[in-house]
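Undergrad: Let me give you the structure first, and then I'll get to my questions.
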């Protein structure tokens, strides 16, 4: 990779193809000019005007704009805290506008736990600068030296009781300028809101039946839409009786375009009935296109054509290995499985399209819709509205195109289209199945000297707006069908399939190889943590195996292979919190284990200790309790952070004990919660979360930081309890029982 | 075709086929947002409402079957300006992430507390075992219900 390429941030790298080209060709030129634009923090780099981020209103309120969106993680509240502190305006007077192609900055996708770093940094510096401008204006107006002024909740006070409010000082022109990022944000000692558990802004509406979600939108004349998806990924529509469906009560439109089928009706239950009738009459030609399932899937993955890359290689001098261990780990296709199926509202007016969507990226979705509908992006507005839980790239974007296609047939009437449960389970892009081979050598002192990590995986990102194809489901089935984008891996240091495949431990000789499988017979994309969940499962399970081979305690063994003090600190803290006793053996039924990772090797440090309780007769496992310690740098909202860690541990426990998508050679068989059980209220662990605040460090995201450590802690606890290790996910009762014999 | 229903103390006749699932009548005719479509198969609990005080899954309950009953949705418990103790407790415990399951959780909790004012933690978990949550907010939900129970019957 050239020096010029290396300078491109990941977000820009992920931008659409055109942006990529510009980045490659212009970067050296720009750097050669005397007036090269300065590098600005976070998303300010790409959205450089202050008034794109902030408006000071004459009534003293403040409107802040972010391209990041609320997906249940509390980001909008956290960003408001940052604005309040840097501007010195009370939280109550800050209005947040998020994710709207007609109003907010383009910050790409809300993903990868990057919002605090990207949007948070941008707002932090933009607000600090705006505050400086307001102070300078006030100094001139009040005739007082700048150094004598202070701010209290948007009021600038000069000595002698002279004052001016932000609302009085603001002008239209004031923030119409490019950011310089020269104003220094406040030190953490001056924060009033950052670091406090400020209640989330979205929760009151959600517990009182407010219009909190895109699902709750009602527009004048709105119709209800449903789609009829093919029975299998490669199926093609042969025939369908559209006329009979059109005659059903309330049906306004039946849309058939190639193998895409949709309906719009006056009432929701009428749309469902119409879709059912349409499905019943449809004849499809199916093709067996799916890979083998069960154990055979992984041998199949190993044999597929792959793009191979050595992502880490180290050959430092060290003693020779006296003992070598090898192990293979697997993870199946797993689903996002949000409780609410995806939904969107679309309306066409005079050739222009407005879409309301719970997409993670309004701008990328707009670009993709423009491709799919072959129209200019400037004729499309995408406005974010919240959806059901978002754990990565789910059906949100796809349903937006479905709604747009159905609304094109309704003469300007808006269509709200929600997927049925089965649509969601069978058509959302899954987290890729993965196969991981590990090999390591211990020297005579029981230290790891050789380490080899090799993984096979499909891509972990087929998001809209990033590729050479059209990454929206319906586009592949239209008469003039478009192709999905070709597979690529998100490059290190964040990584995709190889996310967290490079161990944080200090091993003198190591090699990490990623085999990206470009064919995608099963639809895959980003599921929370991407490859990190499986890689951390593998590395951290293996660390316990290596510790055992070295006769060492798992905690001590990890600490001795780490040099990063923050990594050591979370491990030591969780061991102390859980009352870890070195080399404590399980009793055949109960056991404990530890898992650790620094998410992406770039973000939050998390260590988890989990306890398991195994019923040896049935093989059923319970995880009654887990301890987690997290260090996410400067903490913006402690309760929000704890909520993310708690949720991450519980979701990971569910993935680990229960979850796998099933399919035969033609069809996906996972259709309902009966086919894809997740942990219930009676089955989730209690989670004891402790946070380490580092006010001197930059704040980093945390939404994906606990899942890897949690699976590893459970795997190690299970091995500790029973003496038998399971290396294949999920840990179903059948597997646990089989491992005992 | 029309059905007359009594929802949150309000009686209304709506132009829906009698077999229409209650959920769609609540959401689209009564314009109540709280009950959510999750699965349409009574597997997830997102659509839970009270019918004569009992928690039912509105996605599989035909409107005709609840004609002479008292139906209560989350909106019937309280509002943003006049919160029910359960709603208040959910805010105090910040017991939501995406929140899509929360209305159903609250209604199952209401049905429980009406019958068992002093539930144990195990009672709460059992009563809500049919309500799925995907974000991992379970323990906060339990804490919120415990808090509300204390406030409602000290």
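Read-outs: derived from the displayed coordinates by stated rules, not from any lab. This one's a predicted model, so the numbers in the text were calculated from it and none came from an experiment. Reconstructed Cβ throughout: ideal geometry from the backbone, glycine too, with neighbour counts over all protein chains shown.
Undergrad: Using a Debye calculation, one point per C-alpha and no hydration shell, please list log10 I(q)/I(0) for segment A:599-661 at q = 0.14, 0.17, 0.21 Å⁻¹ in order.
TA: Scattering profile of segment A:599-661, log10 relative to I(0): -0.51, -0.70, -0.93.
Undergrad: Further, regarding this structure: Over all alpha-carbon pairs in segment B:62-154, figure out the percentage whose distance exceeds 16 Å. All intermediate terms of the calculation are to be shown ahead of the outcome.
TA: On the way: 2285 of 4278 pairs.
Roughly 53 percent, once rounded to a whole number.
Undergrad: When DSSP beta bridges are limited to those with both residues in the protein assembly as shown, what percentage is antiparallel, rounded to the nearest 5? Don't jump to the answer; show the numbers that get you there.
TA: Details: 94 of 126 bridges.
Percent antiparallel among DSSP bridges in the protein assembly as shown is about 75.
Undergrad: What is the log10 of I(q)/I(0) for chain A, computed with the Debye formula using one identical point scatterer on each Cα and no solvent, at q = 0.05, 0.10, 0.11 Å⁻¹?
TA: One equal scatterer on each Cα of chain A leads to -0.26, -1.05, -1.23.
Undergrad: Right, here's the next one. Would you mind estimating how fast segment A:38-190 diffuses translationally, via Stokes-Einstein at 37 °C and 0.692 mPa s with the Kirkwood radius over Cα pairs, in µm²/s? Provide the component values of the computation, followed by the final result.
TA: Details: Rh = 15.6 Å.
Approximately 211 µm²/s, per Stokes-Einstein.
Undergrad: Still on this structure, I have one more. Per-residue counts of other Cβ atoms within 10 Å, averaged by peptide: what ranking do you get for A:191-199, B:96-104, highest first?
TA: B:96-104, A:191-199
Undergrad: Continuing with this model, one more query. Grab the DSSP H runs of chain A that are 4 residues or longer, score each as -39,500 (n - 2.57), total them, divide by all residues and round the 222 nm result to the nearest 500 deg cm²/dmol.
TA: Values: 19 runs with 208 residues, N = 741.
Estimated from H runs of four or more residues: -8500 deg cm²/dmol.
Undergrad: If we count other beta carbons within 10 Å of each Cβ, what is the order of A:541, A:293, fewest first?
TA: Ascending Cβ contact count within 10 Å gives the list A:293, A:541.
Undergrad: With N denoting the number of residues in segment A:639-692, provide Rg(C-alpha) divided by 2.2 N^0.38 Å, to two decimal places.
TA: Taking N as the residue count of segment A:639-692, the ratio is 1.48.
Undergrad: What's the angle, to the nearest 10 degrees (0 to 90), between helix B:102-115's Cα axis and the longest principal axis of chain B?
TA: 80
Undergrad: Using all C-alpha to C-alpha distances in segment A:554-696, build P(r) with 5 Å bins and read off the rounded percent in each one.
TA: Result returned by the calculation: 2, 9, 17, 18, 17, 14, 11, 7, 4, 2, 0.
Undergrad: Under a point spin-label approximation (7 Å from Cα along Cα-to-Cβ), what is the residue A:697-residue A:192 distance to one decimal in nm?
TA: 2.9
Undergrad: Would you order B:20, A:732, A:328 from fewest to most other beta-carbon atoms within 10 Å of each residue's own beta-carbon?
TA: Working: B:20 24, A:732 18, A:328 15.
So the residues, fewest neighbours to most, are A:328, A:732, B:20.
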